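Have a look at the structure below, then the notes.
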Amino acid sequence: MALHPRNKYHLRDLHREIDLFDRKIAHSETYAVFATEELRAAEIKKLRTKRGTLVKVAAELVSEGIGFEPKDLPRSFKTADASPEQAQAV
């Protein structure tokens, strides 16, 4: 049984989740209050690890030919001169 469904709707949800993790990481880096810098670093590392897992799954789905709308890409995948396929490798 596949852990992730192989369809464009799940890919869209993955892109949204990646965007959410991008925002959580940015918030943790700038605004969140932690008792120590070590706790901040540990939290950011945990968030980046989860985000990395989602990015790998999204890249797998794209490599399998699952289509997506460019407007659904996370902001971190969008670059001025890169195509969506290149942005997936981020």
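Summary table
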{"read-out": "The range 8-88: Cα Rg divided by the 2.2 N^0.38 Å rule of thumb", "value": "1.21"}
{"read-out": "GluC sites (Glu not before Pro) within the range 16-64: DSSP coil, no more than 16 neighbouring Cβ in 10 Å", "value": "E64"}
{"read-out": "The chain, helix-only ellipticity at 222 nm - DSSP H runs n ≥ 4, -39,500 (n - 2.57), divided by all residues, nearest 500", "value": "-21000 deg cm²/dmol"}
{"read-out": "Per-residue Cβ neighbour rank within 10 angstrom, fewest leading, H27, H15, H4", "value": "H27, H4, H15"}
{"read-out": "Amide N proximity, the range 24-54 versus H10 label position 7 Å along Cα-to-Cβ, cut-off under 18 Å", "value": "51-54"}
{"read-out": "Candidate lysines for bridging to K45, where Cα separation is under 20 Å - those fewer than 8 sequence places away on the same chain excluded", "value": "K24, K56"}
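Bear in mind that the values in this text are calculations on the coordinates, not laboratory data. Computed from a prediction, not measured in an experiment: that's the story for all the values here. Positions of Cβ are generated from backbone atoms using ideal geometry, with glycine treated the same way; all protein chains shown enter the neighbour counts.
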